[in-house]
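**Student:** Before we start, here is the structure in question, set down as structure tokens.
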């Protein structure tokens, strides 16, 4: 009986979809640009099949090519975004963010990177910022935000290179960093220090501090931030008083995400 059920399940399975997903999984942090033969070998499928998968993914906007190499496009993040939505990350982090907001009498949020923008996936606040009010689903350019810089500090060199090729470094205030070379140095400093503080760059009066949130493999998967008004607290005081709190909450969130049952199952898959 069990054998008949297994055989029936295999007949129902979509081989083409499985091969397409295998092609996507062939790309890694260490191998962001791959040739057709590299992809076929990694996915364990014939080169002709890999080529058809790549052409389909390219037409859908998930893959692009550069000369003889293929690369993933930011649209592939939509697959990850659907996963984040399905696991209700806002509910998982709700208590931690509320505690952080109460401790600082300000706002706290969790963001992820989507292409050249950051997206709020969870947020709570006890104070309203007059110039800028974010909510779950809000998007802002990564270059002008503390969470964006933390997330960019956690990506591979290849991904960071693509970011600078695609990002529009717009000036929102006279303090916004728009010089690519300077922004690269800031991101590198963020990688070394483990945090980012941004003041009056996305909007006048907005100051924020962010730290990374990690998955079970130590990879940066989100950024946690605390925001306030720059007239209420200085940058130095923000870092001095809130960095230890943010780091502690980040560890708690990372631990909670790692122990969620469906996250554990996906990690084993």
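**Student:** Given the criterion more than 30 Å from residue 243 (Cβ to Cβ), modelled with pLDDT of 85 or more, assigned to a strand (DSSP E or B) and not assigned by TED's automatic domain parsing to the domain that holds residue 170, identify the matching residue among 41, 65, 51.
**Tutor:** 65
**Student:** Quick one: count up the residues across the stretch 94-125 that are touching a helix residue (DSSP H, G or I) at 6+ places or on another chain (Cβ under 7 Å) and closer than 26 Å to residue 72 by Cβ.
**Tutor:** Matching residues across the stretch 94-125 total 11.
**Student:** Looking at the stretch 105-125, can you tell me whether even one residue there is closer than 26 Å to residue 169 by Cβ and modelled with pLDDT under 75? Give the derivation first.
**Tutor:** Taking the stretch 105-125 and keeping what is closer than 26 Å to residue 169 by Cβ, we get 107, 109-121, 123.
Next cut, modelled with pLDDT under 75 only: none.
No, the stretch 105-125 contains no residue that is closer than 26 Å to residue 169 by Cβ and modelled with pLDDT under 75.
**Student:** Residue 80 fails exactly one of the following numbered conditions: (1) assigned to a loop (DSSP other than H, G, I, E, B); (2) surrounded by fewer than 16 Cβ atoms within 10 Å (Cβ to Cβ); (3) at pLDDT below 75. What is the number of that condition?
**Tutor:** (1)
The values are calculated or read from the model by the stated rules, or taken from the named source; none is laboratory data. These numbers come from a predicted model, not from an experiment. Cβ sites come from the backbone with ideal geometry, for glycine too, and all protein chains shown count toward neighbours.
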